[in-house]
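Just below is one structure, and these are the notes that go with it.
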Amino acid sequence: MKGYPSVGPALALTMLFLFLATAGYGEPLAPIRIGATVSLSGRFSEHSAMVRDGYRLWERQVNQHGGLMGRPVELVVYDDRSDPENVYTLYQQLIHQDRVDLVLSPYGTPLTLQASQVSEAQQMVMLACAASGKAIWNRGYRHVFGMYAMADRYFIGMLDLMARQGHDSVCIIYENNPFNVDVAEGAERWARRFGIAVVLKQSFAPGSSQLSALLNDAVEKNAAGMILSGYPPEAYRLLKLMQAADWRPKAIGMTIAPIHPHFLRNAGPIAEGIFGPSQWEPDERIPFPGTIKFIRDFKAAYNKLPSYHAGSAYAGCQILERAITDLQEINHARIRDYISSLDTVTVIGRFKVDHQGRQVGHNPILVQWQDGRKEIVYPTKMQTASPRF
């Protein structure tokens, strides 16, 4: 056209892209929203904070690499205050009001039982990143997958080591809730297999005054070992009672509390020598792919070492990321089938589930506090120190 310069192919293509952008085609893609609750207050807060930090680290890193399917990831997280009723209500809100695309679990078996009831009703996949009670997988659900070794295997290591040392009796004290009942029943079963007599096995209600009387019973039995299966508030209460009674058996094992990096600070000198089952430890000598980077990245982000709760939360996100990246869609039926058939290794070790969704590829380890630090004492091939009695 006279008076106007000709438009070259490159300029024409640029103008076309600008037109499409102004017409709305250049708008950023909607984020993939992932919902969860964490316990920022209440009896689960210490370890649930680690779960939250694992989730958040993964969110930050996946977005730094372009998100999922080219879409940013947005975590929608609420404080459940360690209350199962709050969990049920909040997961209803996440799914029906916030319209999240995916869900992750809260901390602990009691809360995960509630959360998975909501997600299963909507046929949404849930990675149970911080729970191992068998009640979760005894309901015939098809969309809930475990990350942890099951609770009834937690004290195999300690009981095996006791038997090798000739210690032939143990007391088992446990909170009366699904997870801790599973731990206690498993400990009793494995003790008998190792030829160790269970001279006391007694439950108590969370927050009750029964611990003092139970400790008196244990002192009378004078067993070589004691196992406490309970959440941290009860663990610290029992340790204070033992100090007051000036009594200690040759071996003490506790769930959950001893694996936290601040256990020594919280428990004081009595922490020395205490055993605790763990799903994973932040030790750079553990040869799982990505473990060293995860430990260093977590410490850089939060100025502390991760516990296995943080590692499992991060690993659960890795599993979801892999499923969505390979499938290139958010289709819960396909994600369910993908995870069901998966046999892989995450930053905390092997991941493989059975037909019910229970974790069968991962095995627990045993740690012991020695000279003010955690050491891995079982299994032998992963030992960082020999066990002490």
- Can you tell me which residue in the range 43-70 is most open to solvent (accessible area, probe 1.4 Å), limited to those that are among the hydroxyl-bearing types (Ser, Thr, Tyr) and touching a Ser or Thr at 6+ places or on another chain (Cβ under 6 Å)? SER45
- Query: Of the conditions (1) modelled with pLDDT of 95 or more; (2) on the phi > 0 side of the Ramachandran plot; (3) not polar (S, T, N, Q), VAL62 fails just one. Which one is it?
  - Reply: (2)
- Message: Suppose we filter the range 253-283 for residues that are farther than 21 Å from ALA49 by Cα and either modelled with pLDDT under 95 or surrounded by fewer than 23 Cβ atoms within 10 Å (Cβ to Cβ) (or both); how many remain?
- Response: 6
- Message: Take residues that are within 24 Å of PRO258 (Cα to Cα) and open to solvent by 50 Å² or more (accessible area, probe 1.4 Å) and tell me which of the strands (runs of 3 or more DSSP E) falling wholly in the range 332-389 contain 1 or more.
- Response: 349-352, 373-378
- With respect to TYR154, determine if the residue is farther than 19 Å from TYR55 by Cβ and in contact (Cβ under 8 Å) with a residue 60 or more places away in the chain. yes
- Which condition does MET126 not pass, out of (1) free of Cβ contacts under 8 Å to residues at least 40 places away in the same chain; (2) more than 24 Å from PHE298 (Cα to Cα); (3) buried (at least 19 other Cβ atoms within 10 Å of the Cβ), if it passes all the others? (2)
- Note on the structure: Sole miss for TRP247 among (1) in contact with a Gly (Cβ under 7 Å, 6 or more places away or on another chain); (2) open to solvent by 10 Å² or more (accessible area, probe 1.4 Å); (3) aromatic (Phe, Trp, Tyr) is condition (1)
- Residue in the range 320-331 that is farthest from TYR231 (Cα to Cα), counting only those that are among the β-branched types (Val, Ile, Thr) and part of a helix (DSSP H, G or I): THR325
- Task: Give the range 284-320 a look and list any residue that's open to solvent by 10 Å² or more (accessible area, probe 1.4 Å) and within 25 Å of ASN180 (Cα to Cα), or say none.
- Result: TYR314
- Of VAL198, VAL181, the only residue that is open to solvent by 30 Å² or more (accessible area, probe 1.4 Å), more than 30 Å from VAL125 (Cβ to Cβ) and β-branched (Val, Ile, Thr) is VAL198
- Considering every residue within the range 307-319, establish whether at least one is outside any helix (DSSP H, G or I) and closer than 30 Å to TYR174 by Cα. yes
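The values are calculated or read from the model by the stated rules, or taken from the named source; none is laboratory data. Small disclaimer: the values here were computed from a predicted structure and weren't measured. Cβ: placed from backbone, ideal geometry, glycine included. Neighbour counts: every protein chain shown. To get the accessible areas, we keep the full protein, side chains included, count just its heavy atoms, and leave off ligands, DNA and RNA. Shrake-Rupley method; radii C 1.70, N 1.55, O 1.52, S 1.80 Å.
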